[in-house]
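Here's the structure, in structure tokens; my notes come after.
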Amino acid sequence: RDLHSFPTRRSSDLSISSVGAGPHGYDYMVGTWSCSNPMHASELGALASGTITATKLKDGNIMIRTASPNGDVTSYSAYLAKTKTWYAPFADSGGKYGTETTQESGKTIRWIGTFYDTDGTMTPIRDTYTMLSMTKQLDVSEAKMGGAWKVTAKSTCTKS
């Protein structure tokens, strides 16, 4: 699955407490994941269901492609060692884009950022990932609308 001869750790080598920690904190993501979201797909790019394919790149970062019936999203998980921060810029096939960042690690990690719609509208967003195991995670996506945080998706993803 790795397009380059980059050493990656096996999921079995990592523990939930090491998720997000340091430059290898998301190596466990490499592979294929199936996701389901019982909520209605939102305008903020939340998928109803889909497949995530994560690939380790030669620079050490991870490219994540999500394919779903309501559009595709490509994102990157890039680690900046100087600030110990993960950055995740993303864009979808309809022209919407944004970025999220985190410095957290462990079982529950919150990413915060901004989503831009095609009309230029900016919306604060956050995703809270809870590791149920090294091969199963829950992502609760939220957007700040009308001054209040509202859940836009509750996606459960399982690695195959």
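The values are calculated or read from the model by the stated rules, or taken from the named source; none is laboratory data. Treat the numbers as computed from the prediction; the structure is a model and nothing was measured. Cβ coordinates were reconstructed from backbone atoms using ideal geometry, including for glycine residues, and neighbour counts include every protein chain displayed. SASA here: full protein model, heavy atoms, side chains in, ligands and nucleic acids out. Shrake-Rupley method; radii C 1.70, N 1.55, O 1.52, S 1.80 Å.
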query: Alpha carbon centre of the range 84-124 versus the range 62-76: separation in Å?
result: 13
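Could you give the Stokes-Einstein D for the range 25-115 in µm² per second, using the C-alpha Kirkwood radius, 10 °C, 1.306 mPa s? Don't skip to the answer; put the middle values down first.
Values: Rh = 13.9 Å.
This corresponds to a translational diffusion coefficient of 114 µm²/s.
State the percentage of accessible surface on the chain attributable to carbon and sulfur atoms; use a 1.4 Å probe and exclude ligands, DNA and RNA. Can you show the working numbers first?
Values: 4600 of 8380 Å².
C and S fraction of accessible area: 55 percent.
F90: net charge of surrounding residues, Cβ under 12 Å, Lys/Arg +1, Asp/Glu -1, itself excluded? Each step should come with its number before you reach the end.
Working: positive: R65, K96; negative: D72, D92, E100, D127.
Taking every other residue near F90 into account, the sum is -2.
To the nearest 20 Debye, how big is the dipole of the chain about its Cα centre, given +1 on the beta carbon of each Lys and Arg and -1 on that of each Asp and Glu? Could you put the intermediate results ahead of the total?
Working: 17 positive and 14 negative charges, 98 e Å.
Here the chain has a charge dipole of around 480 debye.
What percentage of all Cα-Cα pairs in the chain are separated by more than 23 Å?
Working: 4174 of 12720 pairs.
In whole percent, the share of Cα-Cα pairs in the chain beyond 23 Å is 33.
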statement: In terms of the charge dipole of the range 85-160, which places +1 on Lys and Arg and -1 on Asp and Glu at the beta carbon, the residue among L132, Y97, V151 farthest towards the positive end is L132
